[in-house]
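Enquirer: This structure is in structure tokens; I'll ask about it shortly.
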């Protein structure tokens, strides 16, 4: 690592910092400590963007930071073990961290910056000068992601940084230095030890990358470490003329063909894991053909526990599992077919049925687009029919029926028979054998029960 004094790192520059931030900086300096604005805020200001939050670095220790602000500002020491104190001031939270440094080295701002994830985040501002010891500005101008020191060391300090770098690539479109890519592939398994909640925060942006297919293909070992069921899909020959790619490659292409929506793309990432476990072999002359009966349901079974490990909100889990289960189901542009899928969609509480149907069609279209034989899906026609059904308030769930349990109890039905009769009535309406009218439905139920 280069010496702090041996390279030019200072540049006169002026950033307009908010008054509340100056108050904190001045308070720290009044007590005789160094203080710099660091990290993402510096990067964002160089890019001409307003920072969402501010981080300060100081040579004061955590107890000294707490002493400086004790009784003056509201402080939160939950990050104490990581060397960070959060100060609440003027309705803003500011993280103040003591310099990070390697054992045996002197704590300096340069040493602190060396231990940050990327050079574009390894710059500091003291109010007058920009400190840039590792070429962060040059890398911003070159649209390049590099680490301040050996990437292996950076990733071993915190394996989540491998995924963070992919997030920055997704967000800014910057190229990733080859030395970083090599180490991500080499150290991918370390990500398994990172708390799932931290991983999920990064994944929410990584999966939205414009070139997500290339990301998935280049870093397959990393994603297989995040989702172990993907491991068996890598190199898996589907032995089917419908598919031009091996299974993992197919998954990567499907993810990339969906719209940049986290729910849809995570469902796409997990939609075919079940194929490995559902192979049915057909021998046709000298050819071996694989079929994968019921693989959507097995894929959903495999996906459910891992989604719960990541502690996704239940409404997101329900949507993802729904998309996986039905990704291979055929929807035709008829009112009866669309009404049935709206019924399935309505089973997922907390989400608009039309929105969920749109996501399903997007996934199906992306899946079909990666087949060797293209079968177009009439997406716009299906959605138009769905909108009309919803606007006309046509029945596709029990709550839409013109009858309810009270009507059936008056007929003398009890217990489970009421539920059976209601589902029978819904099926009659969905199949267009009966209008959704009270008298007509009760008459059909009397005839059937």
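Please treat every number below as a calculation from the coordinates, not as lab data. The model shown is predicted, which means the values in this text are computed figures rather than measured ones. Glycine also receives a Cβ, built like all others from the backbone with ideal geometry; neighbour counts cover every protein chain displayed.
Enquirer: Given Cα pairs under 8 Å that are at least 6 residues apart, what percent is the relative contact order of the chain?
Expert: 8 percent
Enquirer: While we're here: For residue 82 and residue 406 in the same chain, what is the full-extension length gain: residue separation times 0.36 nm, less their Cα-Cα distance, in nm?
Expert: Stretched out fully, the residue 82 to residue 406 stretch lengthens by 110.5 nm.
Enquirer: Using a Förster distance of 35 Å, how high is the FRET efficiency between residue 150 and residue 14, based on the Cβ-Cβ distance and rounded to 0.05?
Expert: E between residue 150 and residue 14, to the nearest 0.05, is 0.55.
Enquirer: Please work out the FRET efficiency for the pair residue 315 and residue 391, using the Cβ-Cβ distance as r and a Förster radius of 35 Å; give the result to the nearest 0.05.
Expert: My answer for the efficiency is 0.90.
Enquirer: Ok, one more. How would 262, 67 line up from fewest to most surrounding beta-carbon atoms within 10 angstrom?
Expert: Sorted ascending by nearby Cβ count, the order is 67, 262.
Enquirer: Compute the separation of the alpha-carbon centres of the range 90-141 and the range 264-299 and state it in Å as a whole number.
Expert: Each part reduced to its Cα centre gives a spacing of 49 Å.
Enquirer: Moving on to the next point. Modelling each spin label as a point 7 Å along the Cα-to-Cβ direction, I'd like the residue 189/residue 214 distance in nm, to one decimal.
Expert: Distance between label points: 2.9 nm.
Enquirer: Could you state the angle between the C-alpha long axis of helix 196-206 and the longest principal axis of the C-alpha atoms of the chain, as a value from 0 to 90 degrees rounded to the nearest 10?
Expert: Roughly 80 degrees, rounded to the nearest 10.
Enquirer: Mind listing the Cα extents of the range 248-403 along all three principal axes, in Å, largest one first?
Expert: Dimensions of the range 248-403 along the principal axes of its Cα atoms: 57, 38, 31 Å.
Enquirer: Taking a spot 7 Å from the Cα of residue 288 along the direction of its beta carbon, which residues of the range 239-274 have an amide N less than 11 Å from it?
Expert: 239
Enquirer: Return one number: the angle in degrees, 0 to 90 and rounded to the nearest 10, between the long axis of the Cα atoms of helix 247-257 and the longest principal axis of the Cα atoms of the chain.
Expert: That helix lies at roughly 80 degrees to the long axis.
Enquirer: For residue 182 and residue 23 in the same chain, what is the full-extension length gain: residue separation times 0.36 nm, less their Cα-Cα distance, in nm?
Expert: 52.9 nm
Enquirer: Provide the FRET efficiency to the nearest 0.05 for the residue 372-residue 175 pair, computing r from the beta carbons and using R0 = 45 Å.
Expert: With R0 = 45 Å, the Cβ-Cβ based efficiency is 0.90.
Enquirer: Using the alpha-carbon atoms, what tilt in degrees (0 to 90, nearest 10) does helix 353-369 show relative to the longest principal axis of the chain?
Expert: 80 degrees
Enquirer: Express in nm, to one decimal, how much length is gained between residue 336 and residue 105 on full extension, taking 0.36 nm for each residue of separation and deducting their alpha carbon distance.
Expert: 76.0 nm
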